[in-house]
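Report on the structure given below.
The values are calculated or read from the model by the stated rules, or taken from the named source; none is laboratory data. What you see is a predicted model, and the numbers here were worked out from it, not measured in a lab. Counting neighbours? That spans all protein chains shown, and the Cβs are built from the backbone with ideal geometry, glycine included.
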2 protein chains.
Amino acid sequence: MKIICSQSELSKAVNIVSKAVPTRTTMTILECILIDASKNVIRLVANDTEIGIETQIDGTIEEPGIVALDAKVFSEIVRKLPDNMVIINTDSDFKTLIKCEKANFNIIGKPGDDFSYLPELPKDDAIVISQFSLREIIHQTIFCTSDTESNKIMTGELFRVDGGKLKVVALDGHRIAIREIELKEEYASRDVIVPKKTLNEVSKVIGGGLDDDVNIYITENHITFVFDRTTVVSRLIDGEYFRVEQMLSSVYDTRIKISKSELLGCLDRSTLLVKEGDKKPIIMNITDEGMHLVMNSFIGSLNEEIDISKEGADILIGFNPKFFIDALRVIEDDEITIYFVNSKAPAFIKNDNESYIYMILPVNVKTE
Amino acid sequence: MKIICSQSELSKAVNIVSKAVPTRTTMTILECILIDASKNVIRLVANDTEIGIETQIDGTIEEPGIVALDAKVFSEIVRKLPDNMVIINTDSDFKTLIKCEKANFNIIGKPGDDFSYLPELPKDDAIVISQFSLREIIHQTIFCTSDTESNKIMTGELFRVDGGKLKVVALDGHRIAIREIELKEEYASRDVIVPKKTLNEVSKVIGGGLDDDVNIYITENHITFVFDRTTVVSRLIDGEYFRVEQMLSSVYDTRIKISKSELLGCLDRSTLLVKEGDKKPIIMNITDEGMHLVMNSFIGSLNEEIDISKEGADILIGFNPKFFIDALRVIEDDEITIYFVNSKAPAFIKNDNESYIYMILPVNVKTE
């Protein structure tokens, strides 16, 4: 194989497909990036069997062929090459010369025979969404997924296509995030659970342009994202997602409107009093006078007052400040509305059309 | 004690003195920042007994007094306060209220009785140097000091005042860095060894302005840096420094001129073939045709050619690429001159007036 392409394009492509290279694996071939120039295009592929990424680059194929190169070594070399044309030349033993200006690297490649390409899946009935919206909706929900593998379903997000809407749900047992966006067209309804790792990697490699689209294809066991010249294929998580609707209630005893930035500033400061691993709640005392926030820890104490407009009963309720902070950071509105039932029931931060709903469970606090 | 000052100034001062707070100590009082408003000025002090820093801030003293506050907690709180006026109010039990806009923190302070203030040292015969020059000369030499405490002297730098010149020397057993700058005046000659930690911290807290000066005072066991409203006092390292002059030779068999950026680019790429802990040399083969660089490792091999202008004998010599890279990164010249004696003797990178000299020991390479 002999190909010639630009360092900048090669570097971008290597960066994209590297996201699918496993960090630990017993199959060394998966630690490689495959360069496939056997047909008319130059394709780079990586696949850790859960998630696979393929991307195409422009270039000249002087001699068609395929080679698999150690992803770590290859990507570090490509990144450090000067910004000029790169020649990649492989001999029959897969010894590979990487040449750019005066730099000459020789590394050992492998044949691509036992490399697992992306599965060939039918690509019809694409759900179209802008790269910007997809990236936003992932960012606004993914922090609510769980890291523990004990409940596999919590490590993914529900993607629910419901006519002309896409609803994304994440939950981790302490809180729920729900985001809904309008799609440009109507689609057949379906529910799938997408692994958070896939969503993380997709949100890193999509450009995020408002006018650039992503085509999403859903098949029985896979979800495929196609954008620019890149295809990401991921397995779905098996199972049925939690019935989130049953956890949401529209009844409330207290409703407040509060400045997001003031609340966020105060909660952010309160975390200074919490050492890692420690679980001190922030106590909100909501009365007609305003919201009084208190945190006491062995480091010291914090006392703040924030103006609110309140409707309904007074309430004293405690939360893990981190859960509130995470939600507030991804809400765009500056004035937010919070709904409370009682000091043992979850609080809801949501807007009127419910394009976002964040539910947070309170923690028990002793009420003097 | 009750003082009022601006968050921005307080935050800057806390950041400066924090550099002298020890990370681990058995004396908890040293983990504090002392606020001393007992006289007409507000002073912040930290002291780990090796290095002590004091800085003054503007503010109003409503009630004179002294309090010692846990450095970590205090600095995190100050950093997160809004940019406005801060009130620090201590009661007779050293309970301290930190108030800024709506934020109210209560933390427990300590009396300053057993706090160690900076030693009172005579301040005469200041050596004056611009903040810019001091920062540069530290940056250009400090990477050659040693981290191992087995030879204490190697963990410091020689500061030699010699009439109208300041010479700074660092060495670690594999290489030497020497930098010399002209001082604005003539001073009495003297040699002192300054701990690298002190120099690191000083270079972080000086502004680095070309027109801002640092006054340096040297006493028997201490060096004091005074700049802006800050004083840094450090112990010196006891002992006599190595006789570096004897290690420098002006005899050479080969002299080359080479582009620094080309050599640095090549060496930088060669490190891609070296895994951590591994010690692969880069081999330079210098002939009339140019410099041919080769590195072979189990990852792969690198081959490059760089144009040079050469005087004297051909030479084949190997180096740890990192040592060359460190030196090249702090040399401003684009064309550099390298002097070689033979493949077992150190190489020198130096300019004509010897304002910089970098000596690097070669490594043994098998010459086929």
TODO: Any residue in segment A:263-280 that's in contact (Cβ under 8 Å) with a residue 60 or more places away in the chain: show its pairings with residues that are of a type in the set (S, T, N, Q) and not in a helix (DSSP H, G or I) at Cβ separation under 8 Å, as long as the two are six or more apart or on different chains.
DONE: A:LYS279/A:ASN320
Open item on the list: So for segment A:178-191 (the condition being assigned to a helix (DSSP H, G or I), of a type outside the set (A, V, I, L, M, F, W, C) and touching a helix residue (DSSP H, G or I) at 6+ places or on another chain (Cβ under 7 Å)), does at least one residue qualify?
Closed with: no
TODO: Considering only segment A:250-283, state which residues are in contact with a Ser or Thr (Cβ under 8 Å, 6 or more places away or on another chain) and under 20 Å from A:LYS344 (Cα atoms).
DONE: A:ARG255, A:ILE256, A:LYS280, A:ILE282
Task: When residues of segment B:105-117 are limited to those that are buried (at least 19 other Cβ atoms within 10 Å of the Cβ) and at the interface with chain A (Cβ under 7 Å from one of its Cβ atoms), the one farthest from B:ASP36 (Cα to Cα) - done: B:PHE105
Open item on the list: Based on this model, can you work out whether B:LEU272 counts as part of a helix (DSSP H, G or I), closer than 24 Å to B:GLY173 by Cα, within 14 Å of chain A (Cβ to nearest Cβ) and not acidic (Asp, Glu)?
Closed with: no
- [ ] Output the residue which, of all residues in segment B:156-170 that are in contact with an Asp or Glu (Cβ under 9 Å, 6 or more places away or on another chain) and under 18 Å from B:ALA327 (Cβ atoms), is surrounded by the fewest Cβ atoms within 10 Å (Cβ to Cβ).
- [x] B:LYS167
TODO: Please enumerate the residues belonging to segment A:244-260 that are modelled with pLDDT under 95 and within 14 Å of chain B (Cβ to nearest Cβ).
DONE: none
TODO: Would you be able to say whether some residue in segment A:143-158 is on the phi > 0 side of the Ramachandran plot and in a strand (DSSP E or B)?
DONE: no
Task: Pair list, Cβ under 8 Å, 6 or more apart: segment B:296-317 residue more than 14 Å from every other protein chain (Cβ to nearest Cβ), other residue surrounded by fewer than 18 Cβ atoms within 10 Å (Cβ to Cβ) and at pLDDT below 90 - done: B:LEU316/B:VAL365; B:LEU316/B:THR367; B:ILE317/B:VAL365
TODO: Considering only segment A:214-236, state which residues are surrounded by fewer than 20 Cβ atoms within 10 Å (Cβ to Cβ) and touching a strand residue (DSSP E or B) at 6+ places or on another chain (Cβ under 9 Å).
DONE: A:ASN215, A:TYR217, A:ASN221, A:HIS222, A:VAL226, A:ASP228, A:ARG229, A:ARG235, A:LEU236
Task: Those residues of segment A:260-305 which are surrounded by fewer than 23 Cβ atoms within 10 Å (Cβ to Cβ), of a type in the set (Lys, Arg) and within 27 Å of B:ASP70 (Cα to Cα), in sequence order - done: A:LYS275, A:LYS279, A:LYS280
- [ ] Read through the list (1) outside any loop (DSSP other than H, G, I, E, B); (2) farther than 19 Å from A:LYS102 by Cα; (3) within 14 Å of chain A (Cβ to nearest Cβ); (4) not hydrophobic (A, V, I, L, M, F, W, C), then give the number of the only condition that B:ASP278 fails.
- [x] (1)
TODO: Scan (1) of a type outside the set (Phe, Trp, Tyr); (2) buried (at least 18 other Cβ atoms within 10 Å of the Cβ); (3) over 25 Å from B:PHE143 (Cα atoms); (4) under 34 Å from the mean Cα position of the chain (by Cα) for the single condition B:MET359 breaks and write down its number.
DONE: (3)
TODO: Report, ordered by the first and then the second residue, all pairs with beta carbons closer than 9 Å, sequence separation of six or more or different chains, a first member in segment A:143-155 that is in contact (Cβ under 8 Å) with a residue 24 or more places away in the chain and within 19 Å of A:LYS322 (Cα to Cα), and a second member that is in a helix (DSSP H, G or I) and of a type in the set (Gly, Ala, Ser).
DONE: A:PHE143/A:ALA327; A:CYS144/A:ALA327
TODO: Could you grab me the full set of residues in segment B:192-215 that are out of contact with any Asp or Glu (no Cβ under 8 Å at 6 or more places or on another chain) and assigned to a helix (DSSP H, G or I)?
DONE: B:ASN200, B:GLU201, B:VAL202, B:SER203, B:LYS204, B:VAL205
